[in-house]
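Engineer: The structure follows.
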4 protein chains.
Amino acid sequence: MTELAGHLMDKGHELVQRVYFEDTDFSGRVYHARYLHFLERGRSDYLRLLGVHHRELADEGLAFVVRHMELDFLAPAAIDDELMIVSTPLRIGNASIVLEQSIQCEGRRLVAAEVKVALVDGAGKPARMPAAVKAVFD
Amino acid sequence: MTELAGHLMDKGHELVQRVYFEDTDFSGRVYHARYLHFLERGRSDYLRLLGVHHRELADEGLAFVVRHMELDFLAPAAIDDELMIVSTPLRIGNASIVLEQSIQCEGRRLVAAEVKVALVDGAGKPARMPAAVKAVFD
Amino acid sequence: MTELAGHLMDKGHELVQRVYFEDTDFSGRVYHARYLHFLERGRSDYLRLLGVHHRELADEGLAFVVRHMELDFLAPAAIDDELMIVSTPLRIGNASIVLEQSIQCEGRRLVAAEVKVALVDGAGKPARMPAAVKAVFD
Amino acid sequence: MTELAGHLMDKGHELVQRVYFEDTDFSGRVYHARYLHFLERGRSDYLRLLGVHHRELADEGLAFVVRHMELDFLAPAAIDDELMIVSTPLRIGNASIVLEQSIQCEGRRLVAAEVKVALVDGAGKPARMPAAVKAVFD
């Protein structure tokens, strides 16, 4: 049994996701850009469980955008794999946060990432982080 | 709580999936081709719970391919929506099966589909359906 | 040499697109839902050459949505293939148009599709077709 | 007029690609992971013009895989944009190469990336770079 939006850890968030046909490429493994989808699902569900919803942000003209990513592709995932996406808050700035994320399969780390995310308004200008996000870094 | 691979119904299969950023387009709704991903996840997990795994089929040089689809896009899904993908077996031929599938949100049908799927070998030639698939139609 | 947006035919539109890694799945062929991307690129560039731009429509709160699709997957495409997407207008209604589309490779038809598309406003209500689109059906 | 596979520069490669519906998300801009698709198309077509084809590599059981990426998302792209993907070889190791890549729109850099790519065999073991790739670094 798995909760659809994963679950909060002491410090961070875990989400289980399946590898489907759509995620693979003709090399037989997961297409490298698809790992960014899994990472984004992890971040979205982390926010969701903190009470921050993309749709409500959008109603205020706000959206999270990725500013910087550093990615190590350590080992490949394959069709049918169950992936664990782990997100850990690293540091917070005035207008952005940095998360450490990894994708694991059966206890083995496949992808390691450091991701800098900002909240911006419709004009692309930085917006203030929601209090629920700030609180994670206290 | 949701089982990762959904669950078998009396006749068919149900799977709950979340709409993420990746599924939407700039119209604000889910990109039409993404519904086919959700349908495919439903079919894959239906097969999985019947004991048929893509990876094992691949080891024998076999893969399921979609031959024909008829799709009605009735209403749009949006970010954060929880979608229910329902798959019901309709009929079976010598080398293909036809499924009725739908994508629902809060009891409302968003997409209705009829999907013809065949099992093929590496040369694209039709292969015999696994017994577990045939049994569904009995 | 290829024009980025394809070119208008006597009655319809042709667009050449490459199959990349992203389009394939672990079966070694193009993932079935990706053909819908190619078809949509064909429709978008057809509209573009008729002078109808998604961004300008969006500024008026309008967007094209797919209402119905019937798809035959006749033969698979593979990595590196050059695909020709052919779009032909079939009929026009008050609030929708129907196109015949195909995806070909080296003169062979891989996918045949009939696609019903509507123009809708932000509330999902049908909007009047641009004159440039209507003119195609005269 | 644009060549389908872009063109070789004195040192590197340029490719023009369109932003379609599929590339955008509900924020109205291009989904961040899609930029990796554009970068990969650039690398693939660079290899293609050097005479290295994914399909031929695959016939020998070889495939390029991304090992490491560092990405700066500087400004967003939107629907209908024409993107220029620029790939420049940076350095070559025994079993990997590093490229500098950028995605530009109307002369403005939207994404800057450093990408480490390796050639691996079916077991994931590093394979020797094709001579045509090595020659680029001379």
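The values are calculated or read from the model by the stated rules, or taken from the named source; none is laboratory data. Please read these numbers as outputs of a predicted model, since none were measured by experiment. Because the Cβ atoms are built from the backbone with ideal geometry, glycine has one as well, and the counts that use them run over all protein chains shown. For accessibility, only protein heavy atoms count, side chains too; no ligands or nucleic acids. Shrake-Rupley method; radii C 1.70, N 1.55, O 1.52, S 1.80 Å.
Engineer: Need the per-residue list for the stretch B:69-107: every residue with at least 20 Å² less accessible surface in the complex of protein chains than in the chain by itself, probe 1.4 Å, sorted by number.
Structural biologist: The answer is B:69, B:70, B:71, B:72, B:73, B:79, B:80.
Engineer: Total accessible area buried between chains D and B, 1.4 Å probe, in Å² to the nearest 100?
Structural biologist: On the way: alone 8250 and 8260 Å², together 15610 Å².
Buried area (both sides, nearest 100 Å²): 900 Å².
Engineer: Please report how far the C-alpha centroid of the stretch A:1-54 lies from that of the stretch B:52-118, rounded to the nearest whole angstrom.
Structural biologist: One Cα centre to the other: 22 Å.
Engineer: Further question: With all pairs of different alpha carbon atoms counted, what Kirkwood hydrodynamic radius in Å does the stretch A:80-138 show?
Structural biologist: Values: mean 1/r = 0.0771 Å⁻¹.
The Cα-based Kirkwood calculation yields 13.0 Å.
Engineer: Just to confirm the filter: which GluC sites (Glu not before Pro) across the stretch A:76-138 are DSSP coil and have at most 15 other Cβ within 10 angstrom of their Cβ? Walk me through the numbers on the way to the answer.
Structural biologist: Working: sites: A:82, A:100, A:106, A:114; in loops: A:106.
Of the GluC sites (Glu not before Pro), the ones in loops of the stretch A:76-138 whose Cβ has at most 15 other Cβ atoms within 10 Å are A:106.
Engineer: For chain C, state what percent of all Cα-Cα pairs lands in each successive 10 Å bin, counting from 0 Å until the bin that includes the largest distance.
Structural biologist: 12, 42, 33, 13, 1
Engineer: As an exercise, use a Förster radius of 41 Å and the Cβ-Cβ distance of residue A:8 and residue B:53 to find the FRET efficiency, rounded to the nearest 0.05. Don't jump to the answer; show the numbers that get you there.
Structural biologist: On the way: r = 32 Å, r/R0 = 0.77.
Result of the calculation: an efficiency of 0.85.
Engineer: Classify the protein assembly as shown as rounded, prolate or oblate, taking a ≥ b ≥ c as the square roots of the eigenvalues of its Cα gyration tensor: rounded when a/c is under 1.5, otherwise prolate if a/b is larger than b/c and oblate if not. Don't skip to the end; give the middle numbers.
Structural biologist: On the way: a/c = 1.11, a/b = 1.07, b/c = 1.04.
Taking the square roots of the gyration eigenvalues as a ≥ b ≥ c, the protein assembly as shown is rounded.
Engineer: Still on this structure: Starting from a label point 7 Å past Cα on the Cβ side, list the distances from residue B:123 to the same position in the other copies, nm, shortest first.
Structural biologist: Those separations, rounded to one decimal, come out as 3.0, 6.0, 6.6 nm.
Engineer: Springs between alpha-carbon atoms under 10 Å, Gaussian network over chain D: tell me which of D:74, D:50, D:36 tops the mean-square fluctuations.
Structural biologist: Highest fluctuation of the listed residues: D:74.
Engineer: Leaving ligands, DNA and RNA out of it, rank C:10, C:121 by accessible area with a 1.4 Å probe, largest first. It would help to have the intermediate numbers written out before the result.
Structural biologist: Numbers: C:10 160, C:121 55 Å².
These residues rank, largest area first, as C:10, C:121.
Engineer: Also, quick follow-up: For label points placed 7 Å from Cα toward Cβ, what is the shortest-first list of nm distances from residue D:49 to its copies?
Structural biologist: List, nearest first: 2.4, 4.7, 5.1 nm.
Engineer: If you don't mind, another one. Convert each backbone phi in the stretch B:31-38 into a coupling constant with the Karplus relation 6.51 cos²θ - 1.76 cosθ + 1.60 (shift: θ = phi - 60°), then list the ³J(HN,Hα) values in order as whole Hz, x for Gly and Pro.
Structural biologist: After applying 6.51 cos²θ - 1.76 cosθ + 1.60, I find 5, 4, 5, 5, 4, 5, 5, 4 Hz.
Engineer: What is the set of long-range amide H partners of residue B:127 at a cut-off below 5 Å, with H atoms built 1.01 Å from backbone N?
Structural biologist: For residue B:127, whose amide H was placed from the backbone, the distant partners under 5 Å are B:119, B:120, B:121.
Engineer: Follow-up. If DNA, RNA and ligands are ignored and the probe is 1.4 Å, what is the ranking of A:138, B:45, A:80, D:72 by accessible area, most exposed first? Spell out each step's value before the answer.
Structural biologist: On the way: A:138 155, B:45 0, A:80 20, D:72 60 Å².
Largest to smallest exposure gives the sequence A:138, D:72, A:80, B:45.
Engineer: Normalised by the number of residues in chain D, what is the relative contact order in percent for Cα pairs under 8 Å and 6+ residues apart?
Structural biologist: Details: 265 pairs, mean separation 37.0, N = 138.
Normalised by residue count, the contact order of chain D is 27 percent.
Engineer: Of B:118, B:103, B:76, which is farthest along the charge dipole of the stretch B:72-127 in the positive direction, counting Lys and Arg as +1 and Asp and Glu as -1 at C-beta?
Structural biologist: Ranked along the dipole, the leading option is B:118.
Engineer: Can you list the distances in nanometres, one decimal and ascending, from the residue B:75 label point to the identical position in each other copy, with the point 7 Å along Cα to Cβ?
Structural biologist: 4.1, 4.3, 4.5
Engineer: Amide H to amide H under 5 Å from residue D:90: which residues, 5+ apart in sequence or cross-chain, H placed 1.01 Å off N in plane?
Structural biologist: Counting only residues 5 or more places away or on other chains, the set is D:98, D:99, D:100.
Engineer: May I pose another question? Hey, can you grab everything whose amide H is under 5 Å from the amide H of residue A:83? Only 5+ residues off in sequence or another chain; H modelled, so Pro and N-termini drop out.
Structural biologist: A:17, A:18, A:19
Engineer: Moving on. With the calculation restricted to Cα positions, what are the radius of gyration and Dmax of the stretch D:16-67 in angstrom?
Structural biologist: 14.0, 42
Engineer: Then there's this: Sorted by accessible area with a 1.4 angstrom probe, largest first, how do D:26, C:21 fall? Intermediate results must be reported in sequence, preceding the final value.
Structural biologist: Numbers: D:26 40, C:21 15 Å².
Ranking D:26, C:21 by accessible area, largest first, yields D:26, C:21.
Engineer: Counting only helical runs of four or more DSSP H residues, what would the 222 nm mean residue ellipticity of the protein assembly as shown come to if each run contributes -39,500 (n - 2.57) and the total is spread over all its residues? Display every interim value, and only then the final one.
Structural biologist: On the way: 12 runs with 112 residues, N = 552.
Only helices count here, giving -6000 deg cm²/dmol.
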